[in-house]
Every structure is written in C-alpha cells, then in structure tokens.
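A quick write-up on the structure given underneath.
Please treat every number below as a calculation from the coordinates, not as lab data. Keep in mind that this is a model prediction, so the values were computed, not measured. Every residue, glycine as well, gets a Cβ built from its backbone with ideal geometry; the counts of neighbours run over all protein chains shown.
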There are 2 protein chains.
Amino acid sequence: MYGHQSTGLLPDDYPQFFSRGQGARLWDVDGNELLDFMCAYGPNLFGYGDAQIDRAYIDQLAIGDTLTGPTGLIVELAEQFTAMVRHADWAIFCKNGTDATSMALVTARAHTKKKTVILAKGAYHGAAPWCTPRPTGTTAEDKAHQVFCAYNDIASLDAAAAAAGDDLAAIFAAPMKHDAFVDQALPDPAYARRAREICDRTGALLVVDDVRGGLRLARDCSWSLVGVEPDLSTWGKCIANGHPLSALLGSDKARAAAASIYVTGSYWFQAAPMAAALVTLKRVRETDYLERIQGVGQRLRDGLAERATAAGFGLRQTGPVTMPLFLFDEDPDLRKGFFWSSEMLKRRVYVHPWHNMFMCAAMTLADIDQALEAAEASFAALKTQAGSLGPVDKLAFLAA
Amino acid sequence: MYGHQSTGLLPDDYPQFFSRGQGARLWDVDGNELLDFMCAYGPNLFGYGDAQIDRAYIDQLAIGDTLTGPTGLIVELAEQFTAMVRHADWAIFCKNGTDATSMALVTARAHTKKKTVILAKGAYHGAAPWCTPRPTGTTAEDKAHQVFCAYNDIASLDAAAAAAGDDLAAIFAAPMKHDAFVDQALPDPAYARRAREICDRTGALLVVDDVRGGLRLARDCSWSLVGVEPDLSTWGKCIANGHPLSALLGSDKARAAAASIYVTGSYWFQAAPMAAALVTLKRVRETDYLERIQGVGQRLRDGLAERATAAGFGLRQTGPVTMPLFLFDEDPDLRKGFFWSSEMLKRRVYVHPWHNMFMCAAMTLADIDQALEAAEASFAALKTQAGSLGPVDKLAFLAA
C-alpha cells in the first residue's frame, strides 16, 4: 500500500483493509466494527453511504456521467459553489486536491507572469512533484521558485516576501496549521492579513488551500473566519461527501489567467459527482451540520481533557474541535500516543496518533460517549505501561 | 469551459453541454440524439450506462466506497490487471491519466537516480506542468531534463539517447502516434525494439503510455502487438468504462522504486470504481469485444473510403480502425474537415475534425450504416461548397 492510507506508519495492529462503511462507522476486513474518527481523511462529512447524496449520484449515473462533454450540472454547481464562497466568481472542477492546488500555482504564475511562490514549511498541499512531502524521484527543478515561511510567523512571512523580491506569484496558505506529527494551530488573523497585504502590494495571488479544512471550519472559505478573502481557494475531499470531486475557485481578478492555462482530466466533467456535490452543498447551506459537528467535537475534547487529567497525562488537543489532533506531553517519539491509539482500537474506536482527525455529521453524542469510555480505559492501560514502553521502531525517523 | 472537452476549437455548431448518454448515443442539452464517435474521449468502451458495470459500481457504493483505507478490491483488481498485462507484476491505482504518467516519471527517476526523459515531440502524456501541451503559467524548470525525438524515427531516438548521455531515466512512448491535428501512425516494431534496447543498455525504464490506447489495441499492453514489453505502463479512461480510475502498472524491476515514492489522492482508494473495473476487465478477457469494435471500425473505414473517393475527396483515415482520425487531403487549415464534420453533426453523427475518435462495443453495424449514410450526404454537401469555403478563424494558429 502507498500513500496517505498506508498503515506503514501506524501501530502494527491497525487494519490496512476495510470491508464496509456506514454513517460514522467502518468495518475492517476481519469484521470489527469501528467508530471512525478519520472519516476517510476528510471526505466523510455527512456519514458513509449517505442515502440522499448517494441517491443523487446513482440517479445521475443512470442519465449520464462521463460523456463527451459536461452536463448542465457543471454550470449549476459552479453557480451554487461561488454563491457560497464569498471571494469566488468562477470555478474549475477536477478530481484530486492536488489537481486544484497545482492549477492554483499555474494560474497564479499565468496571472502575474512571475514564478516564486511562498509556502509554509511543513504544510501539505498535495503529492505532485512540486509539493510532495517525500522528494524521492523528484528533481531540484520540481521545487524551483519556492520560498518558505513559518505558519503564523509574520516576520518569517515578511522575510519570504523580501526573498521573493519582484518575482512573487503567489502565497499559499492552509486554512490553519494542520501539519502531521506536530500541534495544529488556528490562523493568526494578523498573519492572514499580512499575507493579503503582501499580495495586494505585489500583485501576487493569495491562495487558501481548503482541500482538507473546507466545510469543517466555515460555510465559506475558511479564512472568512479571520476576515481575509483570498484570490484563489482549493477544495476537495468532502465537497461531494466522498464522491470524487475537487475544485479551484477564484475571483474575477484571476479569471483571465485561469482561462488561459491548459488543464484537464478524463473524468473531470463526470456529472454524477457534481449531482452529489449539489446535494452536499445544499445541506451545508441549509442545515446546522457545522454546529452539530462542533458540538460533538467539543464534547469529545472536553471529555478527553477531563479523563487525561484524571489519569495524570498531559494531552494536547489542538486545532478546531471538528478536526482534532491528539499528542501526549513528554512523548517526543510518540510511544505513548501509539500505545494509547492501539488501546482505543482494541475498544473499537479508530483514532490517529499523528494526523489530524475529522468529525462528521453522522456522529452522535452517544458515539462520543462510547469514545470517551474507551479513552478512559485506554488511559488506564497506558498508566500501567507508560514507564516500560520502548521506542516504536517505525517512528525512529522522528528522533533523527 | 476548459480542457479537452471545451468546444473552443470545434465548429461553432458543436454542442458544449450534453444531457444524457446511453450505449453509443449522446443527447445534447437541446435534445438532439447523436451517434457519438468520441466515446467521452475514450472512457466509453462498452457503452454509456452499461447496466452490468454500473450495477457493480452501485452495489459497491452501498457497501463502502471512499473509506479510511482501501477494501480488498484493490488487491483483487491488481491481481486481475497484472495477470492480463504481461509485463506487469504490481499496480498503483489513481484517478487521472496524468497521475499515472507523472508517477511513471517519478518512479523511473527513483529507480535510476537519473533525471532525463525522452519524449516524442507532439505526444500527449497529460496536463500537469511537466507535460501540458500549452505552457502558459508553467516554468522552464517544469520541463527540465526532457529530450525529444520523433515518433517512429529510430535515428532521432538514437540522437535523443546520445543527448541524454549517462543521465537517462526513462523513454516514454505512446502505444501509437496519436497526436492531434496530424495523421496517426502505428508503432514501427523496429522503433519499439530500439527503445527497449536503449533502456536495457542504459538501465532506464521504458514507459508505454496506454491511457488513451489501452484495451482498444490489445488485451495486454498495446506494445505487445509489436513484441516489446515495457517496464511501466499507464492506464486510464476506459479501464472502468468511464468510472474514475487510472493505474500505473510495473514490472518487478521497478517495484522497489515505485514503493519508495510518495503519491496519493483523496479518492484513489475508492472501492466502487474498482468494482466497475473488475467487471470491465472480465468482459475484456472473456468476450470478443475487441474483434467487434475492430469489425465496426473496419466497416466504417471501408465505407468512408468508398464514399470519399466517389465524391472526389482524398480522405486520410489513420491509426487503428478502433481509434480513427479523419483528415482531408489538401486541407492544411482544416476548413474542409470543419465543414464536413458540421454536416455530419447536422445528420446527428458526432465526429471530431482533428482528434482521434474511439469505437465502442455498443456500436452496431446499423449504427455504422447510419454514419455512412450521413457521410455520403455530407461529402455531397462539401462538394457543392468546397471551392468557396473560407478559413476557420479559430484555427488560424494552424497556419502560423
């Protein structure tokens, strides 16, 4: 197995293969029913196998899906999506999140006729050669014209802009710091405003990469929460509740540049995922799903904090409650996190020891109580073992 | 509209949006029923809305699709696919054809620890910055370490290999010359063998990009027809009959390198397209679909040749009969081709004036007869107008 769903860097008892998903639950191939806090690494926003969304997909499939051209749904979806995302005046639909971030890069370079892009060190923007976190098989040229800053560090952003000189094409920003292996951080509004100011001053485009965070922070671009509008935003994962669709949205300023580039894919104009996205976005607009996932997320955070403290552990729960990450204090090589996560899995709760998790609208308060009960027992098990845990071989690179 | 399905470079009367597809037919948004020789630019191999293939998709969707990990179907599909493609010992599944070709590039560089890749000038291998046919918004570095040859020209291939020196990572080859705007050409076996020899001599990997041609030339990698086995082959479009799936297949030689790179996507492990692919590949193995599409393709070619000649036109029909391209003699700016294609469209037959077309197994001999009847009338209409046709404004770039 390859990619983000490989269990290569998870505890040995984590299942690599699953047989079924329904609502907030997964079944592994051995038939174990798991309460799933990964939500397919984001796509599951309204529950696996949501009847209404999947019905829209199936109904459209019977009419037409991958054809010799798009259906009218592409227009309808672009209209609905741009009406919802304040900065956006147009949309390009694609398949991978990486398609959207790569198009944002190319669009910014076409718009500015400049090359340099500022990225936050450690931020994930996809797995193409220009952005993949593991450079094996890529070349130095694949990552040419990139300057790095530290997320939320205004001085480092200014320094990066200075380094870019008069060649700045774009500033990329995750909606929050959601890097793997380290604490998450919400965006500092002053940092977001400075990114906007630098772009306004230089003519560069501001890109918010909402592929992972989109629709779990806001019903608009996630940086709407800090009052900053980008020129481009990238979307994916949950916009069709797991059906394959991603998107680049942009403001009028960038329209001509976006229209000038050549990007495409054999399935980009599939109608069925667009039908599913229309239902998904309607539910985003018209229901309290966001407040509900915030509610279950808060209950989980509060309950875990209480139980960790009671057991004598420092547990850092970072990021928004809808996308939590758990790291233990005094656990630089994650041996405690690995042990505790395995204990949770034994109790049929699937948590991730070093990647942010995702809440979904199919989770109930009873689900959270189940998770908290498992957590209490897992903290107790950790307490008996914490002093004797050895390092985790597969995480030896963390110490290096 | 953007990408390969934009009608920007098609006759003005070509519809941009469709409402429905069934079998070999499409309906545009105005309700016109069209016999479709584009087959979604390839994905439609067994007919739009194939009941059995779509049923497999829908049934799997009800069980689980985009989950926190793959299902066992990824293993089953890898086994079935590699059993069918002789050179292949492993498979990575992805979404876009471009995902597969980009992974092939990165895998070859990881395997050889070299950088230079030989490509045929004018060949299409996707729309990422390293390969997009329109460089707007890309940088010189995106296309670094590329050397070009002419397809089927052994001397130019030797020269490209000499230019690569001791840095050759890969030779990319389309299964045939299927560039836009020019005559197609089947592979010269001696050219294919020379590519293999150069790779064997230098340690570079030979990549056959079967995204477009796969399963319409052979039930194996397309270069099996000329007796040459690549190290890597890329697949997409029709392998799940229009459901979103592509693949990189490779030989054991390249396994360690493929396992060492980091590539992934949010929907790459979707189970439903894999279920559809299993049915598609089974039908490929067990039915005479290939002989049938060759049969309808040959009937179309013979009938068109006869009618073109009778009307006094030289019509070059190139490439395999399953993927034909039509270009008129003495028509450098395609004004005849545009006029004739529009006449075909008026008669409800959708042909493309400068891109190869695709036959599908849902086409019947009666469909071909309908197309030939339309063609005869379209040749007659062209005959009355050929002398007075003006240049096509949107194709002015061809003259340049």
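Compare the Cα positions of A:ALA180, A:GLY213, B:VAL321 along the charge dipole of the protein assembly as shown (+1 at Cβ of Lys, Arg; -1 at Cβ of Asp, Glu; about the Cα centre) and return the one farthest towards the positive end.
A:ALA180
Just want to confirm a number: the relative contact order over segment B:44-201, from Cα pairs under 8 angstrom separated by 6+ residues, in percent. Intermediate values should be presented prior to the final figure.
Details: 142 pairs, mean separation 30.2, N = 158.
This gives 19 percent for segment B:44-201.
Provide the net charge surrounding B:TYR48, with neighbours chosen by a C-beta distance below 12 Å and charges set as Lys +1, Arg +1, Asp -1, Glu -1.
Values: positive: B:ARG20, B:ARG25; negative: A:ASP65, B:ASP36, B:ASP50, B:ASP54.
After counting each charged neighbour, the total is -2.
Can you give the % of DSSP beta bridges in segment B:51-286 that are antiparallel, to the nearest 5? It would help to have the intermediate numbers written out before the result.
Values: 10 of 24 bridges.
Beta bridges within segment B:51-286, antiparallel portion: roughly 40 percent.
Highest first, please rank the peptides A:380-392, A:351-363, B:98-110, A:151-163 by the mean number of other Cβ atoms sitting within 10 Å of their residues.
Numbers: A:380-392: 13.0, A:351-363: 24.0, B:98-110: 28.0, A:151-163: 17.2.
Descending packing order for the listed peptides: B:98-110, A:351-363, A:151-163, A:380-392.
What is the dipole size for segment B:230-354, taken about its Cα centre, with +1 at each Lys and Arg Cβ and -1 at each Asp and Glu Cβ, in debye to the nearest 20?
On the way: 16 positive and 12 negative charges, 75 e Å.
Roughly 360 debye, rounded to the nearest 20.
Can you compute the helix-only [θ] at 222 nm over the protein assembly as shown? Use -39500 (n - 2.57) per DSSP H run of at least 4 residues, normalise by all residues, nearest 500 deg cm²/dmol.
Numbers: 22 runs with 294 residues, N = 800.
Value at 222 nm, helices only: -11500 deg cm²/dmol.
Output the pairs from B:LYS143/B:LYS237; B:LYS121/B:LYS346; A:LYS115/B:LYS237 with a Cα-Cα distance over 30 Å in this structure; if there are none, say none. The partial results should precede the final answer.
Numbers: B:LYS143/B:LYS237 25 Å; B:LYS121/B:LYS346 35 Å; A:LYS115/B:LYS237 33 Å.
Flagged as over cut-off: B:LYS121/B:LYS346; A:LYS115/B:LYS237.
So if the hydrodynamic radius of segment B:51-286 is defined as the Kirkwood radius over C-alpha pairs, what does Stokes-Einstein give as its diffusion coefficient at 37 °C and 0.692 mPa s, in µm² per second? Let's see the in-between values first.
Values: Rh = 18.0 Å.
Translational diffusion coefficient: 182 µm²/s.
GNM on chain B, C-alpha springs below 10 Å: top fluctuator among B:ILE261, B:ILE293, B:ILE92?
Comparing B:ILE261, B:ILE293, B:ILE92 in the GNM, the peak value goes to B:ILE261.
What is the mean projected area of the alpha carbon convex hull for chain A, to one decimal in square nanometres? Could you put the intermediate results ahead of the total?
Working: hull surface 78.3 nm².
Projected area, direction-averaged: 19.6 nm².
Please name which of A:TYR41, B:HIS125, A:SER222 has its Cα lying farthest along the dipole of the protein assembly as shown towards the positive end, using unit charges on Cβ (Lys, Arg +1; Asp, Glu -1) and the Cα centre as origin.
Toward the positive end, the furthest listed residue is B:HIS125.
Could you tally the net charge around B:VAL263, taking each other residue with its Cβ under 10 Å from the Cβ of B:VAL263, Lys/Arg +1 and Asp/Glu -1?
0
Using only Cα atoms and rounding to the nearest 10 degrees, what angle (0 to 90) does helix B:97-112 make with the longest principal axis of chain B?
With rounding to tens, the tilt is 30 degrees.
Could you work out the relative contact order of segment B:305-400? I mean the mean sequence separation of Cα pairs under 8 Å and 6+ apart, divided by the number of residues, in percent.
Numbers: 102 pairs, mean separation 30.3, N = 96.
Here the relative contact order equals 32 percent.
Just add up the charged neighbours of B:GLU33: K/R +1, D/E -1, any other residue whose Cβ is under 14 Å from the Cβ of B:GLU33. Let's see the in-between values first.
Working: positive: B:ARG20, B:ARG25, B:LYS346, B:ARG347, B:ARG348; negative: B:ASP28, B:ASP30, B:ASP36, B:ASP367.
With Lys, Arg at +1 and Asp, Glu at -1, the net is +1.
For B:LEU34, which sequence-distant residues (separation of 5 or more, or a different chain) have an amide H within less than 5 Å of its own amide H, given hydrogens modelled in the peptide plane?
B:LEU26, B:TRP27, B:ASP28
Which aspartates and glutamates, on any chain, are close to A:LYS177 with Cα under 13 Å apart, when same-chain ones fewer than 8 places away are left out?
Of all the aspartates and glutamates, those that pass the test against A:LYS177 - Cα under 13 Å, at least 8 places apart if same chain - are A:ASP153, A:ASP188, A:ASP209, A:ASP210.
Please list the non-local residues whose amide H lies under 5 Å from the amide H of A:THR71, H modeled 1.01 Å from N, same-chain partners needing a gap of 5 or more.
B:PHE18
Charges at C-beta only: +1 for Lys and Arg, -1 for Asp and Glu. How large is the resulting dipole of the protein assembly as shown about its Cα centre, in Debye rounded to 20? Walk me through the intermediate numbers first.
On the way: 76 positive and 92 negative charges, 120 e Å.
So the dipole magnitude of the protein assembly as shown works out to roughly 580 debye.
On average, how many beta carbons from a partner chain sit within 10 Å of the beta carbon of a residue in B:11-19?
Other-chain Cβ atoms within 10 Å of each residue's Cβ, averaged: 4.
To the nearest whole number, what is the average tally of beta carbon atoms from other chains within 10 Å of the beta carbons of peptide B:109-116?
On the way: counts 6, 4, 1, 1, 2, 0, 5, 0.
Partner-chain Cβ atoms within 10 Å, mean over residues of B:109-116: 2.
Using only Cα atoms, find the angle between the long axis of helix B:73-84 and the longest principal axis of chain B, and express it within 0 to 90 degrees, rounded to the nearest 10.
80
How many nm separate the modelled label positions at B:ARG255 and B:ALA396, each set 7 Å beyond the Cα in the direction of the Cβ?
5.8
Using only alpha carbon pairs under 8 Å that are at least six residues apart, calculate the relative contact order of segment B:1-125 and give it in whole percent. Each step should come with its number before you reach the end.
Values: 69 pairs, mean separation 13.3, N = 125.
Computed value for segment B:1-125: 11 percent relative contact order.
Partner chain Cβ atoms within 10 Å, averaged over the residues of B:95-105 - can you pull that number for me?
Values: counts 11, 10, 4, 10, 7, 0, 0, 5, 4, 0, 5.
Taking the mean over all residues of the peptide, I get 5.
Enter the angle in degrees (range 0 to 90, nearest 10) between the Cα long axis of helix B:154-164 and the first principal axis of the Cα atoms of chain B, meaning the one along which they spread out most.
It works out to around 40 degrees.
Which value, in debye to the nearest 20, describes the size of the charge dipole of segment B:51-286 about its Cα centre when Lys and Arg Cβ atoms bear +1, Asp and Glu Cβ atoms bear -1, and nothing else is charged? Before the final figure, lay out each step's value.
Working: 24 positive and 25 negative charges, 20 e Å.
Rounded to the nearest 20 debye, it is 100 debye.
Ordered by packing density, taken as the mean number of other Cβ atoms within 10 Å over each peptide's residues, highest first, how do B:198-210, A:314-326, B:231-243 rank?
Values: B:198-210: 23.0, A:314-326: 20.2, B:231-243: 29.8.
Per-residue Cβ counts within 10 Å, averaged per peptide and sorted highest first, yield B:231-243, B:198-210, A:314-326.
Can you list the copy-to-copy distances for A:ALA83, using a point 7 angstrom from Cα toward Cβ, in nanometres, shortest first?
5.1
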